[in-house]
Amino acid sequence: PMFQMQPVDYVNDPYVIGQNYKQTSINGCLEVDLQGQVNSETSKWKTDSGIGGQLDHVRGAQISEGGKSIIALNSTAKNDTFQDRAIFPAWNITTVPRYDVDYIVTEYGIAPLRYKTVRQRAENLIAIAHPKFRDELLAKAKEMGLIPLKG
């Protein structure tokens, strides 16, 4: 048949997804920290989205031959406020762990994160942040020890 219906435990199974050649997973998120951890579910105490299958599709794309995973977000929130936060607030959730992220995309470019060091991750994410927040992010990355302080 050209079309079939399957239950969620089948369509969100990373091993089923990974059988597709060059599978590309493209998902949105609410925020990313400087190590590449992705939050797609909560904002402060409010749940914005359910668990869904984002991590399943990220992992399925990664095990697909030639596959890749892309996480997209705006560099600022609605009121032109800081969105690429250096650290998640305590109430937010990591939907996609940093070691599962291939690429983060904003309107300022693409940050490749797969197989990057913590320093490279921070530098790549700062490069695609909104320009008015890059200095603040760099200072935070240095404070956190992600990027060494220069002498």
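Residues in the chain average 59 Å² of solvent-accessible surface per residue, probe 1.4 Å, ligands and nucleic acids excluded. Legend: distances between Cα atoms for 22/116; 44/68; 44/132; 44/140; pairs beyond 28 Å are 44/68. Close amide H contacts of residue 43 (hydrogens built in the peptide plane, cut-off under 5 Å, sequence separation of 5 or more or a different chain): 48. If you fit an axis through the alpha-carbon atoms of helix 54-63 and take the longest principal axis of the Cα set of the chain, what angle between them do you get, 0 to 90°, nearest 10? For helix 54-63, the angle is close to 80 degrees. Close amide H pairs (under 5 Å, H built 1.01 Å from N) link residue 72 with 27, 28, 29, 105, residues at least 5 positions away or on another chain. How tilted is helix 118-127 with respect to the longest principal axis of the chain? Cα atoms for both, answer in degrees (0 to 90, nearest 10). Helix 118-127 sits roughly 80 degrees off the main axis of the chain. Axis angle, to the nearest 10 degrees, between helix 134-143 and the longest C-alpha principal axis of the chain: 80 degrees.
Here the chain exposes an accessible surface that is 54 percent carbon and sulfur, computed with a 1.4 Å probe and the other protein chains kept in place. Taking amide H atoms as placed 1.01 Å from N in the peptide plane, the amide H of residue 24 lies under 5 Å from those of 68, each 5 or more residues away in sequence or on another chain. Take 118-124, 63-69 and order them by the average number of nearby Cβ atoms within 10 Å per residue, most first; the result is 118-124, 63-69.
Working note: Karplus 6.51/-1.76/1.60 with θ = phi - 60° gives segment 3-20 the couplings 9, 8, 9, 9, x, 4, 5, 8, 5, 9, 6, x, 6, 6, 4, x, 6, 6 Hz, where Gly and Pro are set to x.
Among residues other than residue 149 with Cβ under 10 Å from its Cβ, the summed charge is +1 (Lys and Arg +1, Asp and Glu -1).
The values are calculated or read from the model by the stated rules, or taken from the named source; none is laboratory data. Predicted model only: the values in this text are computed from it and were never measured. With ideal geometry, Cβ positions are generated from the backbone for all residues, glycine too; neighbour counts draw on all protein chains shown. Side chains are part of the model used for accessible areas, which takes the heavy atoms of the whole protein and leaves out ligands, DNA and RNA. Shrake-Rupley method; radii C 1.70, N 1.55, O 1.52, S 1.80 Å.
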